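Working notes, beginning with the structure itself.
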Amino acid sequence: MSVLLPLFLIGALILLFYFGTGLYASTAVIFTVLAGWTYFGLSGWFGISFWWVVALAIAVPLNIPALRRKLVSNRVLTLFKKLMPPLSRTEREALEAGTVWWEGDIFGGRPDWKKLHAIKEPELSEEEKAFLNGAVEELCAKIDNWKVTSELYDLPAEVWDFLKKNRFFGMIIPKEYGGLGFSAYGHSEVIAKIASRSTTAAVTVMVPNSLGPAELLMAYGTGEQKDHYLPRLADGTEIPCFALTAPSAGSDASSIPDTGYVMKGSFNGREVTGIRLTFDKRYITLAPVATVMGLAFRLFDPAHLLGEKEDLGITVALVPTDLPGVAVGPRHDPTGTPFLNGTARGENVFIPVEYIVGGAEQVGNGWRMLMERLAIGRSISLPALSVAAAKLSARGVGGYARIRKQFNLPIGKFEGVEERLARIAGYTYMMDAGRKMTLAGVDSGERPALLSAISKYNLTEMMRIVVNDAVDVQGGAAIVMGPRNFLGSVYQGIPVSITVEGANILTRTLIVFGQGVIRAHPWILREMEAAGDQDAEKSASEFDKALFGHIGFTTSNKVRASISAITFGRLLPAPPGNPLAEYYRRLQWMSSAFAFLADASLLILGGGLKRKEKISGRFADVLSRLYFVSAVLKRFEDDGRPSADIPLAKWACEESFYEIQKALDGILNNLPVPVLPTALRLVIFPFGKPFKPPSDRLGHEAADLLLEPSEARDRLTEGIYIGEKSDPLGRIDDALLKVIAAEPLEKKIHNAVRNGEIHSFRYEDRIEEALEKGVLTESEKIIVQKASTARTDVITVDEFPKDYWERRIAEEPSAPSQEEDKNA
């Protein structure tokens, strides 16, 4: 029995770590085991005494904080302070911006599906539904996107007037100030529907409702500022822009070179304490028509008019664009997508201190403001635009692939095309699931800084893949520009979405995991805060708690990851009767593996992990996909577990876990320490890599959902603008019904040709001959003719007069030189 005791103790410890039992409770369990073993005399005196001594030697220092600190924590704290670089103010403000939500559960290594299901599904109010079905539909019908992108290079005046009259620019502004007061979900749905019609119109609407004057005023503005500006922004009297990016400060926006100096001066005939501004901004959407500019700059107070500090930090002010010294108007051309975007410059622009958002009390708080509000805006606008592009691709190209024939077969039936359609369908399902889950968080009061970065990066990247696939499937009809082409302008605009609100490369490699591991990890930020505390006693005490919490957390995740890998997650809980139960278990398994490997990598690389951007980017991929799998599982549950959607949900999960596996494998292959990666691999993948990409059969089932009308197809593409038969999507939807109705009859014609009953070459003649030979009835002939006409209408591409471009060139003004642009 003496041999069994250590095995029994080890088994008890494994179970305690697996369930994440606390230190004191674990100690009590171990001593209870020892006491029971002693009481029943299951081991000899020497053997039991030995294990009592071992247990006491370990438990006493671990459970007495003062002794634990002296022996371990204080030594680690000294080393931690040397190795961990201090946080700059802007880094700290970025980390403190927003809230931690579901990503904290993922970093915790044990996401709880009951908590996931309890997240309230976002819903539209009756007012939001009415607006979408009324004003938004009317707006989309008014827009001729080809005319906007190829002739006007702007929205027509009547559309601008319609936007202002219907308060599209005031969706986020409360009703008390004349706005619409929409939820984040309602706001997103509006942007998505408009984006499915016109990227230019969508960007024009989304910018005033995203990070900018209205958002900043509502959160930080003074009462006087709100009363003056919000009603005027809501009704379009004021058109806002937000000027952040400078030629030398793009993704590193915290290094803003634009300056303001506090000084006395005259403003509107009175002597005031004000700010003399000099700035040079670019890539500013709506700048060419803006009447008020939210301006980010670095503020200095050399005369100490506001206090003792001279460098006051990044500050945000509202600057009317008609002030002397302000120059807006020159435009950029963002990949041919003609939303109004351009430069904003100022030389010796003087404004009162009261123009600072929030007044003098908010001096130097600009970066914190921007980070906090970006957490919301970045969750809404670009994700909505990305999902709209995916839904447009899924519905349009799915229908086109059934209508278009090659070798007498719909092109959607070819396996090569089917492979692309499956990815379009699966990504679209996953993208919308992620969008909705993030919006649920925002509408519940969260400010998900990390999840907004995950959403923006992943949804714009997935959009790029989906639209590229859609263009490949549609072929020539997607590359010949004109009014019939519903993909061309979307394809052109992809780089804009990839680049703005944080370039995707840097978002992935620096922000998602680089900041996420500090912000969402349950212990790291506590350790850093404790180490930075100036109170030595409090610092040591708090660091001790965080350190041993971290050790227990890492050990628990190692045990859970290892047992889950050995059992392939079969011991993990999942909702009963759910056809996706396997993926709930995989989610918990991979979450534990992710959390453990993240801690192991931090231990190996320390602060150097921040500079290992490729490894950090792979961790970002794992975290992102774990979030999107969570969203897929939640969406399927929220939708009532529709059986028709199972192929979509399974495809999204299978593809995500395969990508997670690839990323984890890439991390293990590139950790710069010999031997240790092999040991880590034995914890995470002891039997090799367990996940495979979606099977061909599953892809076939997912792709099939795009090829014919169904509730599943409608759910997948819900919320986009379809339009009339004269519109591209309306034309495809109409033709799809006619083509499907005619397919059995076309098969009869095809068989008659093969059997030698019909000899005509032209298809139109074959239809007539089929009627003559009794292959078709008169009514069947009409069905086939209507389908043939509709098919021809769908596959027809635009053509222009020979001198079309010569005329356009003659009508267009010449492009200004850089010097002309700067002096404009």
S188 - would you say it is in contact with a Pro (Cβ under 8 Å, 6 or more places away or on another chain), crowded, with 23+ Cβ neighbours inside 10 Å and within 30 Å of D727 (Cα to Cα)?
yes
Return the residue satisfying two criteria in turn: it lies in segment 697-713 and is in contact with a Lys or Arg (Cβ under 9 Å, 6 or more places away or on another chain) and among the acidic types (D, E), and of such residues it is surrounded by the fewest Cβ atoms within 10 Å (Cβ to Cβ).
E708
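Consider F279 carefully, then state whether it is part of a strand (DSSP E or B) and within 28 Å of the chain's Cα centre (by Cα). Walk me through it before giving the result.
Details: part of a strand (DSSP E or B): yes; within 28 Å of the chain's Cα centre (by Cα): no.
No, not satisfied.
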Any residue in segment 99-111 that is under 20 Å from A581 (Cβ atoms) sitting within a Cβ distance under 8 Å of a residue that is open to solvent by 40 Å² or more (accessible area, probe 1.4 Å) and of a type in the set (D, E)? List the pairs, counting only those 6 or more apart or interchain.
D105/D112
Which numbered condition V349 misses (of (1) in a helix (DSSP H, G or I); (2) open to solvent by less than 10 Å² (accessible area, probe 1.4 Å); (3) closer than 22 Å to F300 by Cβ; (4) of a type outside the set (D, E, K, R))
(1)
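Please go through segment 487-506 and pick out each residue that is open to solvent by 40 Å² or more (accessible area, probe 1.4 Å) and part of a helix (DSSP H, G or I). I'd like the intermediate steps shown before the answer.
First, the residues of segment 487-506 that are open to solvent by 40 Å² or more (accessible area, probe 1.4 Å): 491-492, 495, 499-501, 505-506.
Residues satisfying the conditions are Y491, Q492, P495, T499, I505, L506.
Would you check if there is a residue in segment 456-473 being among the acidic types (D, E), closer than 30 Å to G398 by Cβ and at pLDDT below 95?
Taking segment 456-473 and keeping what is among the acidic types (D, E), we get 461, 469, 472.
Subset that is closer than 30 Å to G398 by Cβ: 461, 469, 472.
So of that shortlist, the ones also at pLDDT below 95 come out as none.
No, segment 456-473 has no match at all.
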Output the number of the condition that E137 fails; it satisfies all remaining conditions of (1) crowded, with 18+ Cβ neighbours inside 10 Å; (2) in a helix (DSSP H, G or I); (3) among the acidic types (D, E).
(1)
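Residues that are within 22 Å of G358 (Cβ to Cβ), open to solvent by 10 Å² or more (accessible area, probe 1.4 Å), in contact with a strand residue (DSSP E or B) (Cβ under 8 Å, 6 or more places away or on another chain) and not in a loop (DSSP other than H, G, I, E, B): does segment 331-341 have at least one? Before the answer, list the steps.
If we filter segment 331-341 for residues that are within 22 Å of G358 (Cβ to Cβ), which is where we start, we get none.
There is no residue in segment 331-341 that is within 22 Å of G358 (Cβ to Cβ), open to solvent by 10 Å² or more (accessible area, probe 1.4 Å), in contact with a strand residue (DSSP E or B) (Cβ under 8 Å, 6 or more places away or on another chain) and not in a loop (DSSP other than H, G, I, E, B).
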Is it fair to say N209 is touching a Ser or Thr at 6+ places or on another chain (Cβ under 9 Å), open to solvent by less than 20 Å² (accessible area, probe 1.4 Å), touching a residue at least 12 places away in the same chain (Cβ under 8 Å) and polar (S, T, N, Q)?
yes
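Quick grid of which residues meet (1) without any contact (Cβ under 8 Å) to a residue 12 or more places away in the chain; (2) touching a Lys or Arg at 6+ places or on another chain (Cβ under 9 Å); (3) under 20 Å from T555 (Cα atoms):
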site	(1), (2), (3)
L13	no, no, yes
F17	no, yes, yes
T21	yes, no, yes
W45	yes, no, no
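Residues R404, R484, R464: which one is touching a strand residue (DSSP E or B) at 6+ places or on another chain (Cβ under 9 Å) and open to solvent by 10 Å² or more (accessible area, probe 1.4 Å)?
Numbers: R484 fails: touching a strand residue (DSSP E or B) at 6+ places or on another chain (Cβ under 9 Å); R464 fails: touching a strand residue (DSSP E or B) at 6+ places or on another chain (Cβ under 9 Å).
The match here is R404.
With in contact with an Asp or Glu (Cβ under 9 Å, 6 or more places away or on another chain), surrounded by 14 or more Cβ atoms within 10 Å (Cβ to Cβ), in a loop (DSSP other than H, G, I, E, B) and modelled with pLDDT under 95 as the only criterion, which of G109, G98, G181 stands out?
Details: G109 fails: in contact with an Asp or Glu (Cβ under 9 Å, 6 or more places away or on another chain); G181 fails: modelled with pLDDT under 95.
That would be G98, the only listed residue that is in contact with an Asp or Glu (Cβ under 9 Å, 6 or more places away or on another chain), surrounded by 14 or more Cβ atoms within 10 Å (Cβ to Cβ), in a loop (DSSP other than H, G, I, E, B) and modelled with pLDDT under 95.
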Of all residues making up segment 292-324, the number that are within 26 Å of Y229 (Cα to Cα) and basic (K, R):
1
Just to be sure, is G44 modelled with pLDDT under 90 and open to solvent by less than 70 Å² (accessible area, probe 1.4 Å)?
yes
Kindly provide the set of residues from segment 725-776 that are touching a residue at least 40 places away in the same chain (Cβ under 8 Å), closer than 30 Å to R197 by Cβ and out of contact with any Asp or Glu (no Cβ under 8 Å at 6 or more places or on another chain), ordered by number.
P728, L729, I732, D733, D734, K738, V739, A741, A742
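Within the group L605, L597, which residue is in contact with a Leu (Cβ under 9 Å, 6 or more places away or on another chain), modelled with pLDDT of 95 or more and over 26 Å from P383 (Cβ atoms)? Can you show your working first?
Details: L605 fails: modelled with pLDDT of 95 or more.
Of L605, L597, the one residue that is in contact with a Leu (Cβ under 9 Å, 6 or more places away or on another chain), modelled with pLDDT of 95 or more and over 26 Å from P383 (Cβ atoms) is L597.
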Name the single residue, out of those in segment 161-178 being in a helix (DSSP H, G or I), free of Cβ contacts under 8 Å to residues at least 60 places away in the same chain and open to solvent by 30 Å² or more (accessible area, probe 1.4 Å), that is farthest from N485 (Cα to Cα).
E176
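The values are calculated or read from the model by the stated rules, or taken from the named source; none is laboratory data. These numbers were taken from a predicted model, which means no experiment stands behind them. Cβ atoms come from the backbone with ideal geometry, glycine included; neighbour counts cover every protein chain shown. Protein only, heavy atoms only, side chains kept; ligands, DNA and RNA dropped before computing areas. Shrake-Rupley method; radii C 1.70, N 1.55, O 1.52, S 1.80 Å.
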